[in-house]
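Scroll down for the structure; my scribbles are underneath it.
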Amino acid sequence: MSKAAGCRGFLHHVFDYETAKTLVIPHFGVGIVFRFTQLLVVLYVVGYVCVVQKGYQETDSVISTVTTKVKGFAYTNTSDMDPRMWDVADYVIPPQGDSSFFILTNLVVTPEQTQSHCPELPNPSTVCKDDCDCIEGYNDPRRNGIRTGLCENFSTTVKTCEVFSWCPLEVDTRLPKKALLAAAENFTVLIKNSITYPKFNFHGFKKHPASCGSRLSRDGSEGNCDLDWWAGKCLPKYSFRRLDSQNQDNDVAPGYNFRFAKFYKRADGVEERTLIKAYGIRFEVIVFGTAGKFGIVPAIVNLGAALSFLSLVPIVADWVMLTCMRKRDLYTKEKVTYLVESPDSEPVSMGTTYGTQ
Amino acid sequence: MSKAAGCRGFLHHVFDYETAKTLVIPHFGVGIVFRFTQLLVVLYVVGYVCVVQKGYQETDSVISTVTTKVKGFAYTNTSDMDPRMWDVADYVIPPQGDSSFFILTNLVVTPEQTQSHCPELPNPSTVCKDDCDCIEGYNDPRRNGIRTGLCENFSTTVKTCEVFSWCPLEVDTRLPKKALLAAAENFTVLIKNSITYPKFNFHGFKKHPASCGSRLSRDGSEGNCDLDWWAGKCLPKYSFRRLDSQNQDNDVAPGYNFRFAKFYKRADGVEERTLIKAYGIRFEVIVFGTAGKFGIVPAIVNLGAALSFLSLVPIVADWVMLTCMRKRDLYTKEKVTYLVESPDSEPVSMGTTYGTQ
Amino acid sequence: MSKAAGCRGFLHHVFDYETAKTLVIPHFGVGIVFRFTQLLVVLYVVGYVCVVQKGYQETDSVISTVTTKVKGFAYTNTSDMDPRMWDVADYVIPPQGDSSFFILTNLVVTPEQTQSHCPELPNPSTVCKDDCDCIEGYNDPRRNGIRTGLCENFSTTVKTCEVFSWCPLEVDTRLPKKALLAAAENFTVLIKNSITYPKFNFHGFKKHPASCGSRLSRDGSEGNCDLDWWAGKCLPKYSFRRLDSQNQDNDVAPGYNFRFAKFYKRADGVEERTLIKAYGIRFEVIVFGTAGKFGIVPAIVNLGAALSFLSLVPIVADWVMLTCMRKRDLYTKEKVTYLVESPDSEPVSMGTTYGTQ
């Protein structure tokens, strides 16, 4: 073969167009089946995947920063304490309004603690008869301090080992039954929420007043964002979660609590502290949401999947045509050529024996 | 039909290979159209979806932990206060450098508050003529304390209801006009940022100095991660957002502020506090970013979508061939067989009447 | 053409069914190749993409809120300080157990600081000979205060410029070598972790005790969620990251530290503070995880991609048939019709010259 002929052959190979031979069946029933199946696929893919599920959209998760501000005060007048007015600087801990904030509702105060010696709280492992029961330097992390080796009178009837610690020790069993700051339910919270969808360069800002009572412990649900149409539809969801878990199953120690101290210095220079075991409600303002916007990659991928399903339609129509139609033998004969591989013989249309099985 | 014949029939059904009959058109124009359309699809899918949009990658969002450290001090000397030097322990609240930190720039100090009685600030609802105007125990959460029932002199000209509260009450209208700690603009912030992409088990670490002035309020933009090629390309975006919202539209109460108190104990044991209404700048160091890495599922899905589009190419080429070419009648006659369903008659090639419509 | 005929033509155009003409090759080898290739694609797509990679699932990222509670105490007895017992209210800063908490292990205490004058710490830029070396009002943010213009004796041998600042100044070079609160390693941390997958409306709750020692600095790995089958499989990953970065490469100032102050008021009304430079371990409890659940869009997209690959199978089988088989010339002749465009001539099957190239 000459070079020119080879080149022409290659060009023919590349640029000859090979197309499928087709048979047109002018049968209304088969046509209806074909078009109807096609319609179903298009409706499903376009209607459900595109319109309902918005498969053509890229998504991005919200990034938010939350500031909160609590307003309100409470007045307490119990036998344990002097009458006292509590304002924001007293009961919001820490004072700066973050997405997570704690509202004090009850407390055990242990005032005037100093680094000194005192007998431990009575308990099977701390009660003693004489100094021999108390090993000096014994240091049990579940107890309250380091033992001095002495056995002292805790009360007129009980002796316990003396410890070096912040004395007097806290007795947290005398927690006021009724929430001291029951008024906390009526405090109001102003939530400022600044949101960003970094992928779409969308920024938003929202204010939202709430009450610390029932409304804050409910979940909000304000939908997600569709940035394709209008930004006004973009409302991230709030979830106000009370971390003291009202659900008792989840919680061995009911109520959220933690200890903190206020430190003072006496006139004689000795450091003293007021230990506070604070019980209360810890709120977490959780903001979540997803924004969607037209994206070329998900759009192409979804369109590609739709086209794939359309390629299944002829299989269904062929099956109907070759199986259910009255003239199926004729259709099979015309559509399918059965190659008979006897030497020298020409192939014959023998679809009748094949296509109808 | 015998069992052996049935089995042979089934084997034929499964293993006979049914292939499409094709017609080769040695027409350069049609071939060009076909190859060119094919090329367009391949270029688009490979070039745009794969190279530009990196559709073959799985993505993961950054998880980061941020620590910040502010450096600098400020000196104030105003008529309201003694000269004072402010250092980090004074103006960064809370002191521990979190991703969110607050720098004090202005403040209203109310020193020596104690739990006691004092007349309310004058206001249409608090001004009184005699004790009858002040209901004892009246407790309005928008006011400052619980009423004692007395009407006292607030000044020589005005009488207001007395309340039990932290007295004297805060007068926050006398906020210094000029920011007290204007020097805050020159403070520097060192940001340490530790990032993780958990799906790809990638860990990174970065330091970043900034100034509290103009630079911190601008957005950073340092791109995203491509973990396929080299990790050096992996720079999450920083966004420094000032939560005091310089945009006045978003903000009814301009400036971010909150109240906190320092508690003291007097020599006589009475608790007193200094209430501070702190105005300032709250920064949130927000780190976002997305890392991408080759993933088998997105790669397959994108390749599948590309193949689907290639299956559209013959439709385009066929349309050109059967509509625009000079010899379209010949092509149609050869490609399409029109089944004439007259009884006993053989089908004839009648594409001329069909394909050109 | 009459209107009725035109309408009939249009109906024919829409509802005539055009199907591909096919050729059946009853050759076992080709059939095997075809079926085997088909099987490979199905196995790969179904087995790998669906079963292993769970491509049919929508995913959602965890949203979690963490509370932590540290237990334990430490006893210190060094020459610098009086013997002291440290409990939670002393060494956990801030006291409220957040996802991020700091445990004090070492500290530099500077007690009894007041706003006053004192000579700076000696340093090439602060040492002076007489008052001329010290410019009054000079204010270097890297130094400790504002210069008064005097040159004072820092010690018997060195004179430094006097500054107005919180005096005496902190000397943080005398950091105790051995961690003061070495006992911190034995503190226990109780982690409560409340998780949500908002897209799937799944809520979970988990408790997890840990020690501040070795176990907390290791990474946990407890897998992700498969919400399709059972919720018990849904365990988000914990990552306990020590932000003091034991990796020395990443850290110029080894150890995480920050400064805070306790404020006191003297009997004479002067405010004094104890400045504490706190060294310690900052823990971040990071919770990440992904939940997957059957989703219609990813399922359709993955199925579509699978179908696309199946459309490649006949190309493989045709290539084998027309290239490798003994009777390839016969197959080509039957399958491919080569259109010869000589005027008036009928096309002939000439696949022999085309298909085998």
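The values are calculated or read from the model by the stated rules, or taken from the named source; none is laboratory data. Note that this is a predicted model, so its numbers are computed, not measured. No Cβ is skipped: glycine too gets one built from the backbone with ideal geometry, and neighbour counts run over all protein chains shown. Heavy atoms of the whole protein, side chains included, go into the accessibility calculation; ligands, DNA and RNA do not. Shrake-Rupley method; radii C 1.70, N 1.55, O 1.52, S 1.80 Å.
Probe 1.4 Å, all protein chains in place: accessible area of A:Leu11 in Å², nearest 10?
Looks like 80 Å² after rounding.
May I ask which residue of C:Gln96, C:Thr126, C:Val158 lies farthest towards the positive end of the charge dipole of segment C:59-159, with charges of +1 (Lys, Arg) and -1 (Asp, Glu) on Cβ and the Cα centre as origin?
Among C:Gln96, C:Thr126, C:Val158, the one farthest towards the positive end of the dipole of segment C:59-159 is C:Gln96.
Scan around B:Tyr75 for amide H atoms under 5 Å from its own, H built in the peptide plane at 1.01 Å from N, and keep only partners 5 or more places away or cross-chain.
Result for B:Tyr75 returns B:Trp86.
At A:Leu175, label 7 Å along Cα→Cβ: distances to the other copies, nm, ascending?
The projected label point of A:Leu175 is separated from its counterparts by 3.9, 3.9 nm.
Could you tell me the total accessible area buried at the A-C interface, probe 1.4 Å, in square angstrom to the nearest hundred?
6400
Take the Cα radius of gyration of segment A:11-159 and divide it by 2.2 N^0.38 Å, with N its residue count; two decimals is plenty. Write out the running numbers ahead of the final one.
On the way: Rg = 40.1 Å, N = 149, 2.2 N^0.38 = 14.7 Å.
Cα Rg divided by the expected 2.2 N^0.38 Å: 2.73.
Filter the cross-link list A:Lys333/B:Lys327; A:Lys69/A:Lys265; A:Lys192/B:Lys277; A:Lys277/B:Lys265; B:Lys293/C:Lys199 down to pairs whose alpha-carbon distance in this structure exceeds 27 Å. The partial results should precede the final answer.
Values: A:Lys333/B:Lys327 29 Å; A:Lys69/A:Lys265 32 Å; A:Lys192/B:Lys277 19 Å; A:Lys277/B:Lys265 19 Å; B:Lys293/C:Lys199 24 Å.
Beyond 27 Å: A:Lys333/B:Lys327; A:Lys69/A:Lys265.
Ranked highest first by the average count of other Cβ atoms within 10 Å around their residues, in what order do B:65-75, A:47-57 fall?
On the way: B:65-75: 20.9, A:47-57: 16.5.
Going by the mean number of other Cβ atoms within 10 Å, highest first, we get B:65-75, A:47-57.
What does the structure give for A:188-197 when I average, per residue, the other chain Cβ atoms found within 10 Å of the residue Cβ? Display every interim value, and only then the final one.
Details: counts 2, 0, 2, 0, 6, 0, 7, 0, 5, 1.
Averaged over the peptide's residues, the number is 2.
What order do B:Glu136, B:Glu162 take when sorted by accessible area (1.4 Å probe), most exposed first? Could the numbers behind the result be given before it?
On the way: B:Glu136 140, B:Glu162 25 Å².
So, going from the largest accessible area down, we get B:Glu136, B:Glu162.
Taking every residue in B:263-274, how many Cβ atoms of other protein chains lie within 10 Å of its Cβ, on average?
That average works out to 5.
Could you sort the peptides B:199-205, C:183-189 by per-residue average Cβ neighbour count (10 Å cutoff), highest mean leading?
Working: B:199-205: 15.6, C:183-189: 19.1.
Order by mean packing, descending: C:183-189, B:199-205.
Run the numbers for B:Thr157 and B:Glu136: contour at 0.36 nm per residue of separation, minus the present Cα-Cα distance, in nm. Before the final figure, lay out the partial values.
Numbers: separation 21, 0.36 × 21 = 7.56 nm, distance 2.30 nm.
Net length gain for the segment: 5.3 nm.
Would you mind listing the distances between the A:Gly149 label point and the same position in each other copy? Use 7 Å along Cα-to-C-beta, nm, one decimal, shortest first.
Taking the point 7 Å beyond Cα along Cα→Cβ, the inter-copy spacings are 6.2, 6.2 nm.
Under a Cβ-only charge scheme (Lys and Arg +1, Asp and Glu -1), can you give me the dipole magnitude of segment A:97-148 about the Cα centre, in debye to the nearest 20?
Details: 4 positive and 8 negative charges, 28 e Å.
Computed about the Cα centre, the dipole is about 140 debye.
Please calculate the 1.4 Å probe accessible area of B:Arg147, with all protein chains present, and give it to the nearest 10 Å².
Near enough 20 Å² of accessible area.
If we hang a label 7 Å off Cα along the beta carbon direction at C:Ile315, how far is it from the matching labels on the other copies, in nm, shortest first?
Once sorted, the set of distances for C:Ile315 reads 1.8, 1.8 nm.
Averaged across C:148-160, how many Cβ atoms of other chains sit within 10 Å of each residue's Cβ atom? List each step's numbers first, then the result.
Details: counts 0, 0, 0, 0, 0, 0, 0, 0, 0, 0, 0, 0, 0.
Per-residue shielding by partner chains comes out at 0.
Taking the Cα centre of segment B:31-154 as origin and charging only Cβ (+1 Lys, Arg; -1 Asp, Glu), how large is the dipole, in debye to the nearest 20? If you can, show how the numbers build up before the last one.
Values: 9 positive and 15 negative charges, 232 e Å.
Using Cβ point charges on Lys, Arg, Asp and Glu, segment B:31-154 gives about 1120 debye.
Hey, how many Å between the Cα centroid of segment C:52-76 and the Cα centroid of segment A:94-137?
30
By accessible area of protein heavy atoms, probe 1.4 Å, what ranking do A:Leu104, C:Leu43 get, highest first?
Numbers: A:Leu104 5, C:Leu43 110 Å².
Largest accessible area first, the list is C:Leu43, A:Leu104.
So what's the net charge close to A:Leu11: Lys and Arg +1, Asp and Glu -1, counting the other residues with Cβ under 14 Å from its Cβ? Don't jump to the answer; show the numbers that get you there.
Working: positive: A:Lys3, A:Arg8, B:Arg35; negative: A:Asp16.
My count for the surroundings of A:Leu11 gives +2.
Just grab the label-to-label distance for A:Met81 and C:Asp329, each label 7 Å out from Cα along the Cβ direction, in nm (one decimal).
Reported label-point gap for A:Met81 and C:Asp329 is 10.6 nm.
Take the Cα radius of gyration of segment A:1-44 and divide it by 2.2 N^0.38 Å, with N its residue count; two decimals is plenty. Please report the intermediate quantities before stating the final value.
Working: Rg = 20.7 Å, N = 44, 2.2 N^0.38 = 9.3 Å.
Computed over Cα atoms of segment A:1-44, the ratio equals 2.24.
Can you give the accessible area of C:Leu39 in Å² (nearest 10), computed on protein heavy atoms with a 1.4 Å probe?
C:Leu39 exposes around 100 Å² with every protein chain in place.
Measure off 7 Å from each Cα along the Cα-to-Cβ vector at B:Leu312 and C:Leu190, then give the distance between these two points in nanometres to one decimal.
The answer from the label model is 6.2 nm.
For B:Ile191, B:Ile315, C:Ile63, write out the residues from largest to smallest accessible area, computed with a 1.4 angstrom probe and no ligands counted.
On the way: B:Ile191 0, B:Ile315 110, C:Ile63 35 Å².
From most exposed to least exposed: B:Ile315, C:Ile63, B:Ile191.
Per residue of segment C:167-174, in order, report the coupling 6.51 cos²θ - 1.76 cosθ + 1.60 (Karplus, θ = phi - 60°) as ³J(HN,Hα) in whole Hz, putting x for Gly and Pro.
10, x, 6, 6, 10, 8, 7, 8
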